[in-house]
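Worksheet: the structure to be examined is printed underneath.
The values are calculated or read from the model by the stated rules, or taken from the named source; none is laboratory data. Here the structure is a predicted model, which means the values were calculated and not measured. Cβ coordinates were reconstructed from backbone atoms using ideal geometry, including for glycine residues, and neighbour counts include every protein chain displayed.
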């Protein structure tokens, strides 16, 4: 009996070694990279999961020219789209330079022969001969671009033609509609032909909805927004694993952005975009529904759109919405309810750079107001606001109008030195750093989830006067108060 078991184990092992296709059924995959054309390189692979490509699934450094390395991919990331990044040095004295390309990985191991500077050129990267996902996708995109070119030419003609009632325009509309239907039919056939491949799930992003060209421009744009998600299967959870869904949403938000002609319109327009998209996604799979809510939470939080946050409350209370941001949204909603003009700002005590206790409520500067600014030196959006604020602060008598208390939420080894350096250039501001960053007590008391966030507070009684979301709103608030 023992001999029989050993025989079976040995036989299976030989089969797995001699049959690589069978060995791949275990779930994990490999990307085998043959490096050439450079001195050395570090290679990493990052998966598209959630809202961005942020999950680094494998990383290897110190690969020399002519060497081969293997990146192992755990099954939980498969199938999906990945970013292959190679930081290479052409010569030993050079600094590393990045090169990137996307890879689709499903049920095959991938073997690549790569010259990093030309990683996206077909003659400088070679796949194993039986590779399917990337090879088929490349062929699909080549044919797709050819077909789309003709449609785009017709579309531009119809948009720019100045005689929409002419016979020629009618002929153009008919030709466009015929080609649109033919194109969408071709997409469906391609998806069916390659249905065993992950990349077939991406073809739906190229679907072209119908459009009534006889409508005026405004009504036509409304139709575009109403039909935007036509052709998208919101029950297909695999589309979360590609950058195409982020690109789709970027295009969707861009269409709504065209409606914004004044700054004050931003909140209502983007909130409406969120309402439309979340309602559409709510009819699909709970994962995709949750993804959509997470997408708009991130945008509303970044741009401080409280109206949008309140709109999301309906969706986070829906049991079919598998959002990852429920706690953050609830926290933001609580902050909107609790922190508002004419309420007393939360007090806090933080050690300053000299080790002394700084108490917010007892701080009496030289001005009748104080600006409480939560920021990070590692945040590009913060830098823009800080630069604008500092320029305004040093103009005329503005220093006499408001004192600035800048609370840094920088908390990592890379962030803190940037803050130390940045604060040296911001003289006459009170600089503090909250230990724990966004998880600090003061950040929790002020319901801070991201930066920058501003509160204009009356110095005498510590009442919140305003919570500007942009520098322009801050400046308007100051003008109204001191006019």
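Yes or no: region 216-228 includes at least one residue that is surrounded by 18 or more Cβ atoms within 10 Å (Cβ to Cβ) and either at pLDDT below 95 or more than 18 Å from the chain's Cα centre (by Cα) (or both). Spell out the reasoning first.
To start, the set of residues in region 216-228 that are surrounded by 18 or more Cβ atoms within 10 Å (Cβ to Cβ) comprises 228.
Those still in the list that are either at pLDDT below 95 or more than 18 Å from the chain's Cα centre (by Cα) (or both) too: 228.
Yes; the residues of region 216-228 include at least one that is surrounded by 18 or more Cβ atoms within 10 Å (Cβ to Cβ) and either at pLDDT below 95 or more than 18 Å from the chain's Cα centre (by Cα) (or both).
If residue 178 passes every condition in (1) touching a helix residue (DSSP H, G or I) at 6+ places or on another chain (Cβ under 9 Å); (2) farther than 27 Å from residue 241 by Cα; (3) modelled with pLDDT of 95 or more but one, which one does it miss?
Here residue 178 clears every test but (1).
Got a sec? Which helices (runs of 4 or more DSSP H) wholly within region 370-483 have at least 3 residues that are under 24 Å from residue 263 (Cβ atoms) and touching a strand residue (DSSP E or B) at 6+ places or on another chain (Cβ under 9 Å)? Spell out how you get there, then give the answer.
Numbers: elements: 380-393, 415-423, 441-445, 471-482.
Of the helices (runs of 4 or more DSSP H) lying wholly inside region 370-483, those with at least 3 residues that are under 24 Å from residue 263 (Cβ atoms) and touching a strand residue (DSSP E or B) at 6+ places or on another chain (Cβ under 9 Å) span 380-393, 471-482.
Is there a residue in region 186-197 that is assigned to a helix (DSSP H, G or I), touching a residue at least 40 places away in the same chain (Cβ under 8 Å) and within 25 Å of residue 286 (Cα to Cα)?
No - not one qualifying residue is present in region 186-197.
Determine if region 448-458 includes at least one residue that is more than 25 Å from the chain's Cα centre (by Cα), over 12 Å from residue 343 (Cα atoms), in the same structural domain as residue 364 (by TED's automatic domain parsing) and buried (at least 17 other Cβ atoms within 10 Å of the Cβ).
The first filter runs over region 448-458 and keeps only residues more than 25 Å from the chain's Cα centre (by Cα), leaving 455-458.
Applying the additional criterion that residues be over 12 Å from residue 343 (Cα atoms) yields none.
No, there is no match, as no residue in region 448-458 is more than 25 Å from the chain's Cα centre (by Cα), over 12 Å from residue 343 (Cα atoms), in the same structural domain as residue 364 (by TED's automatic domain parsing) and buried (at least 17 other Cβ atoms within 10 Å of the Cβ).
Here are some residues: 131, 111, 143. Which one is surrounded by 13 or more Cβ atoms within 10 Å (Cβ to Cβ), free of Cβ contacts under 8 Å to residues at least 24 places away in the same chain and either more than 23 Å from residue 246 (Cβ to Cβ) or more than 20 Å from the chain's Cα centre (by Cα) (or both)? Explain how you work it out, then say what you get.
Values: 111 fails: free of Cβ contacts under 8 Å to residues at least 24 places away in the same chain; 143 fails: surrounded by 13 or more Cβ atoms within 10 Å (Cβ to Cβ).
None of the others qualify; the one that does is 131.
Do the conditions hold for residue 361, that is, is it surrounded by fewer than 17 Cβ atoms within 10 Å (Cβ to Cβ), assigned by TED's automatic domain parsing to the domain that holds residue 460, modelled with pLDDT of 95 or more and more than 17 Å from residue 443 (Cβ to Cβ)?
Values: surrounded by fewer than 17 Cβ atoms within 10 Å (Cβ to Cβ): yes; assigned by TED's automatic domain parsing to the domain that holds residue 460: yes; modelled with pLDDT of 95 or more: yes; more than 17 Å from residue 443 (Cβ to Cβ): yes.
So residue 361 passes the test.
Is region 402-413 home to any residue that is more than 18 Å from residue 435 (Cβ to Cβ), assigned by TED's automatic domain parsing to the domain that holds residue 453 and in contact (Cβ under 8 Å) with a residue 40 or more places away in the chain? Before you say what the answer is, go through the steps one by one.
Residues of region 402-413 more than 18 Å from residue 435 (Cβ to Cβ): 402-404.
Still in the running and assigned by TED's automatic domain parsing to the domain that holds residue 453: 402-404.
Next, from what is left, pick out any that are in contact (Cβ under 8 Å) with a residue 40 or more places away in the chain: 402-403.
Checked region 402-413: at least one residue is more than 18 Å from residue 435 (Cβ to Cβ), assigned by TED's automatic domain parsing to the domain that holds residue 453 and in contact (Cβ under 8 Å) with a residue 40 or more places away in the chain.
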